[in-house]
Amino acid sequence: MKRRNSKLVWFCKVAMMAALMIALHAFNMAMIPTGWGAQLTFDCLIVVVATMAIDIKAGLIMSLLFGSISAYMGITTGSQDPIVFAPILNASPFLIILVAVLPRLCIPLVMTGVQKLVQKTGLNKHVQRILTAVSGSLTNTVLFLTLAFIVRSLVGIPAEQMPVVLAWVGSSALINGGSEAVMTAIAAPPVVAALEKVK
């Protein structure tokens, strides 16, 4: 009976996080402009919390949902970005799906490895949570931008567009990636601590 209850709690937590991610997009609240050209997205934060507060399986499920939503947005709105995503979309919608999904599936895998490493350091538990959470955010940023650049290069980048593509990668990494890492470091640890108390 106890095992059945634990499975039900696990399912409810995952369903709650999935519903939250979908609802944020449905009400156009998943991306928050910061005012200096960056957008804070909550999808990665939800993946991070699911991985840390539940388990890697929950993290992978949320990563797949994150990637699927991102792929849908890329396919439906990618044509509006003539520099990076429109050429990829014109080459093949599958490439958009690859860029959107594969990096996100790596988030829980990297986080689990980092979590095991920081647990051996003897650091304060709150610091361990911060380091693990930030590793998830940075994994998302680095792998997504790297794969997007590689795929865009394979599709073919005209010489005159290369500086613009590189500027997009650099600004996205520094501004968006940096902002999301800070937000994750602040928001994830207390949420994880609260969810861990729910048995």
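List of remarks:
- The structure-derived value of mean projected area of the Cα convex hull in nm² appears in the list (1) 10.2; (2) 12.9; (3) 12.2 under the label (3).
- The value of relative contact order for the chain, using C-alpha pairs under 8 Å at least six residues apart, is 24 percent.
- Cα pair distances exceeding 13 angstrom across region 80-126, given as percent: 67
- Charge-dipole axis of the chain as Lys and Arg at +1 and Asp and Glu at -1 on Cβ define it, positive-most pick from Ala148, Ile32, Leu131: Leu131
- Fraction of accessible area attributable to carbon and sulfur, region 1-135 (%, probe 1.4 Å): 69
- Remark on region 95-150: hydrodynamic radius 11.9 angstrom, per the Kirkwood mean of 1/r across alpha carbon pairs.
- The radius of gyration of the Cα set in region 80-196, together with its Dmax, comes out at 17.0, 51 angstrom.
- Per residue of the chain, the DSSP helices (runs of n ≥ 4 H) give a summed -39500 (n - 2.57) that works out to -26000 deg cm²/dmol at 222 nm.
- Karplus (6.51, -1.76, 1.60) ³J(HN,Hα), θ = phi - 60°, over region 146-157, in Hz, Gly and Pro reported as x: 5, 5, 4, 5, 4, 5, 4, 5, 5, 5, x, 10
- Tilt relative to the chain, helix 162-171 - C-alpha long axis, 0 to 90 degrees, to 10: 20
- Between Leu40 and Ile32, Thr34, the built amide H atoms are under 5 Å apart, and every one of these is 5 or more places off in sequence or on another chain.
- The eigenvalues of the Cα gyration tensor, multiplied by 5 and square-rooted, give region 50-95 an equivalent ellipsoid with semi-axes of 29, 9, 7 Å from largest to smallest.
- Cα-based Lys proximity count in the chain, under 21 Å, for pairs eight or more positions apart or on separate chains: 17
- The residues of the chain expose on average 53 square angstrom of accessible surface per residue, using a 1.4 Å probe on protein heavy atoms.
The values are calculated or read from the model by the stated rules, or taken from the named source; none is laboratory data. Computed from a predicted model, the values in this text were never measured in an experiment. Note that each Cβ is placed from the backbone with ideal geometry, even for glycine, and that neighbours are counted across all protein chains shown. Just the protein is used for accessible areas: all its heavy atoms, side chains included, with ligands, DNA and RNA removed. Shrake-Rupley method; radii C 1.70, N 1.55, O 1.52, S 1.80 Å.
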